[in-house]
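The values are calculated or read from the model by the stated rules, or taken from the named source; none is laboratory data. A quick note: this is a predicted structure, and the numbers were derived from the prediction, not measured. With ideal geometry, Cβ positions are generated from the backbone for all residues, glycine too; neighbour counts draw on all protein chains shown. Just so you know, the surface numbers come from the protein's heavy atoms only, side chains and all, with ligands and any DNA or RNA stripped out. Shrake-Rupley method; radii C 1.70, N 1.55, O 1.52, S 1.80 Å.
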Amino acid sequence: MAHEPTEAGESETLAVSLRTYLSETGFSFTGLTGKEATQAITWAMVQWVGASGW
């Protein structure tokens, strides 16, 4: 089931949380191919979800 924001501002809160996590972990896809960048983004999202306790 897809995550549906239920409160005004929830999507902004999630975006800030993700941006903070990526910044703190030093995430970058500079120099990667498109396929590698997609894999890096996907892996970062999985890690963020886990770190968020989902």
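Per-structure values
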{"item": "Förster radius 35 Å - calculated FRET efficiency between GLU12 and ALA40, Cβ distance, rounded to 0.05", "result": "0.90"}
{"item": "Angle between the chain longest axis and helix 10-25 axis [Cα atoms, degrees, rounded to 10]", "result": "30 degrees"}
{"item": "Amide H within-cut-off set for PHE27, under 5 Å, with H built and near neighbours excluded", "result": "none"}
{"item": "Helix-derived mean residue ellipticity, 222 nm - over the chain, DSSP H n ≥ 4, -39500 (n - 2.57), to 500", "result": "-21000 deg cm²/dmol"}
{"item": "Å² of accessible area per residue within the chain, as computed with a 1.4 Å probe and no ligands counted", "result": "80 Å²"}
{"item": "Degrees separating the helix 34-51 axis from the principal Cα axis of the chain, which is the longest one", "result": "40 degrees"}
